[in-house]
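Below is one structure, written out as structure tokens, with a few remarks after it.
The values are calculated or read from the model by the stated rules, or taken from the named source; none is laboratory data. What you see is a predicted model, and the numbers here were worked out from it, not measured in a lab. We place every Cβ from the backbone using ideal geometry, glycine too, and count neighbours over all the protein chains shown.
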Amino acid sequence: MRNAPFDGSFIGWRTVARSLLQQGIAPHQVNWRPDGDSMSLFDQSPTAADLDATKPAPRIPRQLLELLESAACFRMEDRWSLLYRILWRVAQGDRAAMLPGDIDGSQLHKRLKAVRREAHHLHAFLRFQPRPENAEGPQLVAWHEPAHDILASASGHFAERLGRTTWLIATPDDGIYWDGHVLHYQRPCPPEWQRLAHTPEDNGQALWLAYYGSTFNPARLNRSALETSLPVRFWKNLPEGPLIPQLMSQARAGVQRDGQAEAVAGRGGKRISRPAHATVSENADPALRH
Amino acid sequence: MQLIEKLTVLADAAKYDASCASSGAPNRSSKGKSGIGSTTGMGICHSFTPDGRCVALLKILLTNFCLYDCQYCVNRRSSDVPRARFTPEEVVTLTLDFYKRNCISGLFLSSGIIRSADYTMEQLIRVAKLLREEHEFRGYIHLKTIPDADPLLIAEAGRYADRLSVNIELPTESSLIRLAPEKQVRTIKQAMHSIHQGEHQAREEKGSPRFAPAGQSTQMIIGADATDDSTILHTAASLYGEYRLRRVYYSAFSPIPQSPNTVPFEAPPLLREHRLYQADFLLRGYGFEVGELLSGPGNLALDIDPKLAWALNNREHFPVDLNRAEPAMIARVPGIGVLSAKRLVALRRQKRIRFEDLTRLRCALEKAKPFIVTQDYHPQQAGSESLLLRQQLSETPAQMALW
């Protein structure tokens, strides 16, 4: 068994993997050590300097490297062995290792899918909280708890989305700050960022909650569809999270059998008189009520 | 009336429109620019309500005052609902605020008919224009098109909106006459035609302004009248064909407060709606024809999905040998989708397909088993009667019906 310590990053892993591949070290002989500091006297840890320039570099499809880099974001006890095994097999000419139908490839694609999904969850379920206009620092802040290491690779989306608006996202592990021009990524997340991300809710939140409650159709209550699409683990960081069980129990208790939101049902209604002829009387035009 | 009260009323008034797509827009970015908003073609569902429907856009009416008396609509003039009206500026403020919070990817704006069709359409356009021009908003905008509005107004709407939609409302003309006396199939289709023309022009003529790049969609209400699924699907197929619609939405009729006697007061037929979406997907993505899914008048089966129903009625095509069959035929196997079919074809270039490969591809094996052959597998049930198979594969066991 051969210890392969590295700094835990994909770049670090790639350097070591390239060297091991060149030396013909098979996957079952490698013990990946992402903690990096466990190097003992007897470890022969390959580095970039160990690369033998006289031997041809292993030829790998570029697409595979992209897949491996993305799959490396998948959090689990040992995320690196599978990646090296696939790299090894493809370098040996066994390209099936990259395919979803393969025994290793299916694992790879399962991880890729989970990582893509988690990046999508970031784009979808993260909520920014505006900070007071005169406050120093980012205009928008957010706290998010992703299940995989996607913050660095997936946050560029918000720079496209929000233009010059400055924002900050903090997670339990890392953080990212957009100053209007450049992204600043930090791992671990500075405590100051984490504190900022927990800025209390402002009044504007009430409008969103009113919308959420009203756009829900109680006649169509469907808890399982909700939980499939919006996993329960995200509820606690969503402003509408606490509303969900409340709306569900109201709907289940049969408060109303039609689709109307409770907040609307409680208000007085207004019928509109039939227009006299084709040209509609101005009385029917609510613009005049302003 | 306070903004929050208006929002409460006008979101409730808008929710019966099923469309929530924020996909299909071109790539737009605000990086390094003033203004906000981006689109990538892929839609984002920012939340889901307890009905399982996604929240992608701020879906509201500009006003729920309405001169029409469509029986299925909660906002019909004879309905005793609270009424409200936003100013265009209020809609703009709400859209930008929700957008910054990352609650939505854009706006879906519709309206009750006030004063006239043209006037109403102008008001909708004004909101979109304010967002795009004054606030440099690059997010998604979906505008409802008022059928009788001037084609010039529709052309203007297409310059600001990513998507336009005109609702066909009901699957047949006779139902429309009965339940929506002020609406006419002729003008609805004229509006669809105007949008289709606009799209065509923007695509064919270089330098012409952009026009609704995410195309047009429509909605049909299911279960407010007695129309069967066969008629509904034929109507949908003809709309897809004639106007190149991106989507037809099927909206199970939800009972509304103070329901008139002309429409049912029952729980919305959600499973029927689901089967229609499945059938619609087979029409758009799998090359099925309506006649294959339903050979005559009638409804889709509720206990099995439409692809399985087709396979059970067409056993002569099965079992399909996954190592030899055309990709399109593999995608017709129940339990195997278009994506899995593509993956199987890629895999069989490397090796012979075995049964365990299907497990890894996460195909719905229980459904697929009777219909496939792999290198190491031949279905025992290949000779089973379709009726027996149906009993085994049905999603609602016959026993349940006794309850």
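Just for the range A:123-145: of the residues that are within 10 Å of chain B (Cβ to nearest Cβ) and among the aliphatic types (A, V, I, L, M), which one is farthest from A:GLU227 (Cα to Cα)?
Restricting to residues being within 10 Å of chain B (Cβ to nearest Cβ) and among the aliphatic types (A, V, I, L, M), the top hit is A:LEU140.
Suppose we filter B:SER111, B:SER116 for residues that are out of contact with any Asp or Glu (no Cβ under 6 Å at 6 or more places or on another chain) and either surrounded by 24 or more Cβ atoms within 10 Å (Cβ to Cβ) or among the basic types (Lys, Arg) (or both); which single one remains?
Checking each option against the conditions leaves just B:SER111.
Among the residues of the range B:241-277, which ones are surrounded by fewer than 17 Cβ atoms within 10 Å (Cβ to Cβ) and outside any loop (DSSP other than H, G, I, E, B)?
B:GLY241, B:GLU242, B:LEU271, B:HIS274, B:TYR277
Which pairs do you get when a residue that is within 24 Å of B:SER394 (Cβ to Cβ), found in the range B:322-344, comes within reach of a residue that is small (Gly, Ala, Ser) and not in a helix (DSSP H, G or I), reach meaning Cβ atoms under 6 angstrom, with the pair 6+ apart or on two chains?
These pairs meet every condition: B:GLY335/B:ALA364.
Output the number of residues of the range B:86-115 satisfying the condition of being part of a helix (DSSP H, G or I) and not hydroxyl-bearing (Ser, Thr, Tyr).
Going through the range B:86-115 one residue at a time, the tally reaches 10.
Out of the residues in the range B:123-147 meeting the condition of being within 12 Å of chain A (Cβ to nearest Cβ) and out of contact with any strand residue (DSSP E or B) (no Cβ under 7 Å at 6 or more places or on another chain), tell me which one is surrounded by the most Cβ atoms within 10 Å (Cβ to Cβ). Break it down stepwise before answering.
Let us first name the residues in the range B:123-147 that are within 12 Å of chain A (Cβ to nearest Cβ), namely B:123, B:135-140.
Okay, now just the ones that are also out of contact with any strand residue (DSSP E or B) (no Cβ under 7 Å at 6 or more places or on another chain), so B:123, B:135-137.
On the way: B:GLN123: 22, B:HIS135: 17, B:GLU136: 14, B:PHE137: 24.
Going through the qualifying residues, I end up with B:PHE137.
Looking at the structure I just gave you, is A:ALA284 at pLDDT below 90 and more than 21 Å from B:ASN75 (Cβ to Cβ)?
Values: at pLDDT below 90: yes; more than 21 Å from B:ASN75 (Cβ to Cβ): no.
Against the criterion (at pLDDT below 90 and more than 21 Å from B:ASN75 (Cβ to Cβ)), A:ALA284 does not qualify.
Identify, by number, the condition in (1) at pLDDT 95 or above; (2) of a type outside the set (D, E, K, R); (3) within 21 Å of A:ARG267 (Cα to Cα) that B:SER79 doesn't meet.
Only one criterion in (1) at pLDDT 95 or above; (2) of a type outside the set (D, E, K, R); (3) within 21 Å of A:ARG267 (Cα to Cα) is unmet by B:SER79, namely (1).
Is it true that some residue in the range B:219-231 is under 13 Å from the mean Cα position of the chain (by Cα), in a loop (DSSP other than H, G, I, E, B) and not acidic (Asp, Glu)?
The answer is no; no qualifying residue exists.
Does at least one position in the range B:38-51 carry a residue that is touching a strand residue (DSSP E or B) at 6+ places or on another chain (Cβ under 6 Å), among the hydrophobic types (A, V, I, L, M, F, W, C) and within 7 Å of chain A (Cβ to nearest Cβ)?
Checked against the condition, which is being touching a strand residue (DSSP E or B) at 6+ places or on another chain (Cβ under 6 Å), among the hydrophobic types (A, V, I, L, M, F, W, C) and within 7 Å of chain A (Cβ to nearest Cβ), the range B:38-51 yields at least one hit.
Scanning the range A:210-237 for residues that are part of a helix (DSSP H, G or I) and among the aromatic types (Phe, Trp, Tyr), which turns out nearest to the other protein chains (Cβ to nearest Cβ)?
My answer is A:TYR211.
Only one of (1) at the interface with chain A (Cβ under 9 Å from one of its Cβ atoms); (2) surrounded by fewer than 19 Cβ atoms within 10 Å (Cβ to Cβ) fails for B:SER79. Which number is that?
Just one mismatch for B:SER79, condition (2).
Is it true that some residue in the range B:356-372 is crowded, with 21+ Cβ neighbours inside 10 Å, closer than 12 Å to A:GLY101 by Cα, in contact (Cβ under 8 Å) with a residue 12 or more places away in the chain and touching a strand residue (DSSP E or B) at 6+ places or on another chain (Cβ under 8 Å)?
yes
Only one of these is in contact (Cβ under 8 Å) with a residue 12 or more places away in the chain, at negative phi and of a type outside the set (Lys, Arg): B:ALA236, B:ALA212. Name it.
The conditions single out B:ALA236.
Being away from chain B (no Cβ under 12 Å) and in contact (Cβ under 8 Å) with a residue 12 or more places away in the chain is the filter; apply it to the range A:91-122 and report the residue that is farthest from A:PRO239 (Cα to Cα).
A:ALA91
What number of residues within the range B:1-36 satisfy the criterion of being assigned to a loop (DSSP other than H, G, I, E, B) and more than 13 Å from B:LEU57 (Cα to Cα)?
16
In the range B:257-287, how many residues are within 18 Å of the chain's Cα centre (by Cα) and free of Cβ contacts under 8 Å to residues at least 40 places away in the same chain?
7
Go through (1) within 27 Å of A:TRP208 (Cα to Cα); (2) assigned to a helix (DSSP H, G or I) one by one and return the number of the condition A:LEU67 breaks.
Only one criterion is unmet by A:LEU67, namely (1).
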